[in-house]
Structures are given as C-alpha cells and as structure tokens.
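Participant: Before I ask anything, here is the structure I am working with.
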Amino acid sequence: MDKAKRRAVIAGNWKMNNTAADATALINAIKAELAGKDTSYCEIIAGVPFTSIAAAKAAAEGSNIKISAQNIHWAEKGAFTGEISGAMLKEAGVEYVIIGHSERRQYFGETDNTVNARVKAALANGLKVILCVGEVLEQREQGITEEIVSMQTKVDLLGIPAEEMKNIIIAYEPVWAIGTGKTATADQAEEVCAIIRGVLAKLYGADVAEATTIQYGGSMNAGNAAELLSKKNVDGGLIGGASLKAPDFVKIIDAAAQ
Ligand code: PEP
C-alpha cells in the first residue's frame, strides 16, 4: 500500500482553550473557510475540551469535522474524582480521543502503562484513538530517539490486537517541537514516522503497518505543513497552536491535498 491509499488525517488539539461559545465560533469559522472545498481526501478532527464537546458537536453537524476528546480514564466507573470514562465520552458523541499527549505525560504523571490502559478503554467503548509518542530533547541529543519511540509504541499498544489497529492513529510528536515554534525538519519527521511504521510491521505485519495513519505533530503551521506532509510516511498532522485559527488550520488541511 502506498501513502495515497492511507487516510490523511488533520487533527487540531485545542488543549485547554475554547469555552463552549468559543468552540461554536471556531467550528463555524472553520466551516466557512472550508465552504465549497472538496476535502474528501482527508479526515478533519477537532480535539476539544470536555466541556466544549456538546457545542463543538452541534456546530460541526452537517460538516465532515469529527470531534475528539483529549483524554479518557481507563476504568469504566468509580472513585476517580475529576476523570471521564469511555462511556461518558461515547454518550457525549465524540468519535476520537487523544491519548498519551506529552503534556499529559509531563504534567499529569501519564506513563506508557496508563496510556496503554486508556487505549484499551477507548477501544472497548467504540472510540477511535490518536496515540501520541515522541522523545524529549535530551533523548534526541543522546541519540536514543529510535529506542524511546519504539518502546513507547510497543508498550502503549501492548495487548491491542491487529484488527483494532484500523481504529488507531499514531501521532509522532517530538516533545521539543510542541508549542515551541521549533519544528522537526521534514526529514526528521519522516525518519521517525518510518521507524514507527517499522515497529508496527514487527508487531502486526506489513499490511497493518502500511494501512496505519501516522501523523506528525510539533509546531506544524500553514507555512511548513506542505513540506512535512509531502513525506511518504507522514500521513497527517496533529496541530496545537495553529488549530486555534480557522484560516491557518484550513491552510494545513489544503496542504494535505497533495
Ligand atoms: C500538540 O499540542 O499536539 C501540538 C503539536 O502543539 P503545537 O502545534 O502548538 O506545537
């Protein structure tokens, strides 16, 4: 399978931005920017805060913008104050959930084991997953990016059967490039996305590896998206800052048309 046959996916990660009212306005602005364009070549996702899911979903109705949450708890229910379960997300109407974002790992004690448990909970509830992996700067400087990203991919996917891989997108997000304005070069992004595809091939075989969408994330913007997305193993983008401005986000969607 070649890149053209894989699903291109452009996803915004709004992080802790946009109240329900803001979410409605931003989705409406994205829809207006997309009006008249054929975007059937790619899937468009907005990763919104929990409290903005209902508003974002209502605003997105009738468009091909899908709504994602940004986290999920691994348990079905119980004494986990402040957490949100898979059933709750499903009921709220999200289709996707971002799991293992580096900010969750950095600020909220997320580990590969809890990431793995959350991936399983999402799949068990019929949600699709954007699974984030990526090295920190020190690891890149030590030359252990391949080891780190391979280990994260293996542990995060532990016990996930091959038939579920169609419900999982992997986002390669070098932590040093997130929110820093420092983008990986297109060659760096391609190199690590290819490494991840190689790990998937070992875990699941070549067919699954070739069919899996692998995104790059880390200061992707309207200016650099086309070059990053031109690489043969970079199938899409997970976008933070630039997803908060409709014209910029839509330029990235346009760049995925190539
Ligand atoms: C992200 O939050 O996943 C991200 C890539 O952020 P930014 O695009 O702002 O670097």
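The values are calculated or read from the model by the stated rules, or taken from the named source; none is laboratory data. This one's a predicted model, so the numbers in the text were calculated from it and none came from an experiment. Here the Cβ positions follow ideal geometry from the backbone for every residue, glycine too, while neighbour counts run over all protein chains shown. These area figures cover heavy atoms from the full protein model, side chains too; ligands, DNA and RNA do not enter into them. Shrake-Rupley method; radii C 1.70, N 1.55, O 1.52, S 1.80 Å.
Participant: Of the residues Ala58, Ala69, which is farther than 24 Å from Glu210 by Cα and touching a Phe, Trp or Tyr at 6+ places or on another chain (Cβ under 9 Å)? So that I can check it myself, show each step before the final result.
Facilitator: On the way: Ala58 fails: touching a Phe, Trp or Tyr at 6+ places or on another chain (Cβ under 9 Å).
None of the others qualify; the one that does is Ala69.
Participant: Return the pairs, sorted by first residue and then second, in which the second residue is assigned to a helix (DSSP H, G or I), the first residue lies in the range 14-31 and is of a type in the set (Asp, Glu), the beta carbons are less than 8 Å apart, and the residues are 6+ apart or on different chains.
Facilitator: Every condition considered, the pairs that remain are Asp22/Ser52.
Participant: Another question, if that's okay. Condition first: more than 16 Å from the ligand (Cβ to nearest atom), open to solvent by less than 10 Å² (accessible area, probe 1.4 Å) and not in a helix (DSSP H, G or I). Now tell me which residues in the range 195-238 satisfy that.
Facilitator: Thr212
Participant: Can you say whether Asn167 is touching a Leu at 6+ places or on another chain (Cβ under 7 Å), more than 16 Å from the ligand (Cβ to nearest atom) and either modelled with pLDDT of 95 or more or open to solvent by less than 10 Å² (accessible area, probe 1.4 Å) (or both), as far as the supplied structure shows?
Facilitator: Taking the combined requirement at face value, the residue satisfies it.
Participant: Another one. Would you be able to tell me the number of residues in the range 71-101 that are of a type outside the set (A, V, I, L, M, F, W, C), surrounded by fewer than 13 Cβ atoms within 10 Å (Cβ to Cβ) and not in a helix (DSSP H, G or I)?
Facilitator: Initial filter on the range 71-101 (of a type outside the set (A, V, I, L, M, F, W, C)): 71, 73, 76-78, 81-83, 85-86, 90-91, 93, 95-96, 100-101.
Now drop any that are not surrounded by fewer than 13 Cβ atoms within 10 Å (Cβ to Cβ), which leaves 76-78, 81-82, 91.
Checking which are not in a helix (DSSP H, G or I) leaves us with 76-78, 81-82.
Result for the range 71-101: 5.
Participant: For Leu137, indicate whether it is among the aliphatic types (A, V, I, L, M), touching a residue at least 12 places away in the same chain (Cβ under 8 Å) and under 30 Å from Ala75 (Cβ atoms).
Facilitator: no
Participant: For the range 13-59, what are the residues that are under 17 Å from the mean Cα position of the chain (by Cα) and surrounded by fewer than 18 Cβ atoms within 10 Å (Cβ to Cβ)?
Facilitator: Of everything in the range 13-59, those that are under 17 Å from the mean Cα position of the chain (by Cα) and surrounded by fewer than 18 Cβ atoms within 10 Å (Cβ to Cβ) turn out to be Met16, Asn17, Phe50.
Participant: Then there is this: Quick check on Arg104: is it under 27 Å from Ala54 (Cα atoms), open to solvent by 50 Å² or more (accessible area, probe 1.4 Å), within 16 Å of the ligand (Cβ to nearest atom) and modelled with pLDDT of 95 or more?
Facilitator: yes
Participant: Restricting to the range 161-185, what's the tally of residues that are under 18 Å from the mean Cα position of the chain (by Cα) and either outside any loop (DSSP other than H, G, I, E, B) or aliphatic (A, V, I, L, M) (or both)?
Facilitator: So the count comes out to 14.
Participant: Among the numbered criteria (1) out of contact with any helix residue (DSSP H, G or I) (no Cβ under 9 Å at 6 or more places or on another chain); (2) at pLDDT below 95; (3) crowded, with 21+ Cβ neighbours inside 10 Å, which one does Thr180 miss?
Facilitator: (3)
Participant: Search the range 171-194 for residues being small (Gly, Ala, Ser) and under 19 Å from Gln106 (Cβ atoms), and hand back the single one that is nearest to the ligand (Cβ to nearest atom).
Facilitator: Applying the filter and picking the extreme gives Gly179.
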